[in-house]
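Q: So that we are looking at the same thing, I have put the structure below in C-alpha cells.
The values are calculated or read from the model by the stated rules, or taken from the named source; none is laboratory data. Please read these numbers as outputs of a predicted model, since none were measured by experiment. Cβ coordinates were reconstructed from backbone atoms using ideal geometry, including for glycine residues, and neighbour counts include every protein chain displayed.
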Amino acid sequence: MKFKPFPEIKTERLFLRKIETSDCDVILFLRSDETVTKFIERPENRKTKNISDDIKFIKELNEYLETNKSITWGITLKNDAKIIGTICLWNFSQNNKTAEVGYDLDPKFQRKGIMNETLKMIIDFGFKELKLDKIEAFTHNENENSKKLLEKNGFQFIENRKDLDNKSNIIFELKNASS
Ligand SMILES: CC(C)(COP(=O)(O)OP(=O)(O)OC[C@H]1O[C@@H](n2cnc3c(N)ncnc32)[C@H](O)[C@@H]1OP(=O)(O)O)[C@@H](O)C(=O)NCCC(=O)NCCS
C-alpha cells in the first residue's frame, strides 16, 4: 500500500488532491462549522478549535500519508483550486484488507451529487488500487444524508455490529464483489 506519488483523482466535475497547510482556512471551517459537524462526535483532544489545532491536524494527515496509515483527499471543483470538502480512507485493519471511509462537504455544495461522485471514485480506488476486501462507514443514526449516500452506493447496514466508542453510530459495510 503506497500513497506516493499522491493519487490525485479526476471525476467529471471534480479534482481530488492532497491537502496542504495552505488549505488551513477551509479545513478549520469543515472541522468546526456547526452544520458540517452536527453528526460528527470527536473526542475533546481531536477537536479543531483554532488555526494552531488545524495546522497540527493537516501536518498529521501528511505524516499518516507518509507512513501509509491513512489517506485524505481534498475535494475541489475542476475550475477552482479551493477545497470544498474532504474524503478519507483510514482505520486500516492490520492486514490492510479493511478500511473506513469518512467525508464532509461545505453545506453550500451539498445536495448536488458531489459526494456521490467522490465516493464512487474512492470505492473504486479502495477496491482496485488498494485491493481492499471491505470498506466500512460509521455514521450517526440520525445522519439521513450520510445514510442515504451510503445506501445509494451499495453499503449495507449491519444491524448486529455496534460502535463501542459511540452509541449513536451505526455501521455500514461494502464488500468488494471481486475478492
Ligand atoms: C453526507 C454528505 C457528505 C452528503 O454529501 P452530498 O454531496 O450532499 O450528497 P449527494 O448530493 O451526493 O447525495 C447523495 C445521495 O444522498 C441522498 N441525500 C443527500 N443529501 C440528502 C438530503 N439532505 N436529504 C435526503 N437525501 C439526501 C440522496 O439520495 C442523494 O442522491 P440523489 O441526489 O440522487 O437523491 C453531506 O451531507 C455532509 O457533508 N454532511 C456533513 C458531514 C457529515 O455528516 N459527514 C458524514 C460523517 S459519517
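Q: Can you name the number of the only condition in (1) assigned to a loop (DSSP other than H, G, I, E, B); (2) under 19 Å from Leu89 (Cβ atoms); (3) touching a strand residue (DSSP E or B) at 6+ places or on another chain (Cβ under 9 Å) that Asn166 fails?
A: So the condition that Asn166 fails would be (2).
Q: Which of (1) within 18 Å of Lys18 (Cβ to Cβ); (2) within 16 Å of the ligand (Cβ to nearest atom); (3) out of contact with any helix residue (DSSP H, G or I) (no Cβ under 9 Å at 6 or more places or on another chain) is the odd one out, the single condition Leu130 does not satisfy?
A: Leu130 satisfies every listed condition except (2).
Q: For the range 71-86, how many residues are surrounded by 14 or more Cβ atoms within 10 Å (Cβ to Cβ) and either of a type outside the set (A, V, I, L, M, F, W, C) or out of contact with any Gly (no Cβ under 7 Å at 6 or more places or on another chain) (or both)?
A: Step one: of the range 71-86, the residues surrounded by 14 or more Cβ atoms within 10 Å (Cβ to Cβ) are 71-77, 83-86.
Imposing the further condition that a residue be either of a type outside the set (A, V, I, L, M, F, W, C) or out of contact with any Gly (no Cβ under 7 Å at 6 or more places or on another chain) (or both) reduces the set to 71-74, 76-77, 84-86.
Summing the residues that are surrounded by 14 or more Cβ atoms within 10 Å (Cβ to Cβ) and either of a type outside the set (A, V, I, L, M, F, W, C) or out of contact with any Gly (no Cβ under 7 Å at 6 or more places or on another chain) (or both) in the range 71-86 gives 9.
Q: Which pairs turn up if I take residues in the range 116-138 that are among the charged types (D, E, K, R) and look for partners that are more than 16 Å from the ligand (Cβ to nearest atom) and modelled with pLDDT under 95 with beta carbon separation below 6 Å, at least 6 apart in sequence or on another chain?
A: What qualifies is Asp133/Ser179.
Q: Taking Asp53 as meeting all but one of (1) assigned to a loop (DSSP other than H, G, I, E, B); (2) surrounded by 13 or more Cβ atoms within 10 Å (Cβ to Cβ), write down the number of the exception.
A: If we test Asp53 against (1) assigned to a loop (DSSP other than H, G, I, E, B); (2) surrounded by 13 or more Cβ atoms within 10 Å (Cβ to Cβ), just (1) comes out false.
Q: What number of residues within the range 11-46 are of a type in the set (Lys, Arg) and farther than 17 Å from Thr72 by Cβ?
A: As a first pass, look at the range 11-46 and keep what is of a type in the set (Lys, Arg): 13, 17-18, 31, 38, 42, 46.
Still in the running and farther than 17 Å from Thr72 by Cβ: 13, 38.
Count: 2.
Q: Output the residue which, of all residues in the range 91-132 that are surrounded by fewer than 16 Cβ atoms within 10 Å (Cβ to Cβ) and among the acidic types (Asp, Glu), is farthest from the chain's Cα centre (by Cα).
A: Per the criteria, the residue is Glu129.
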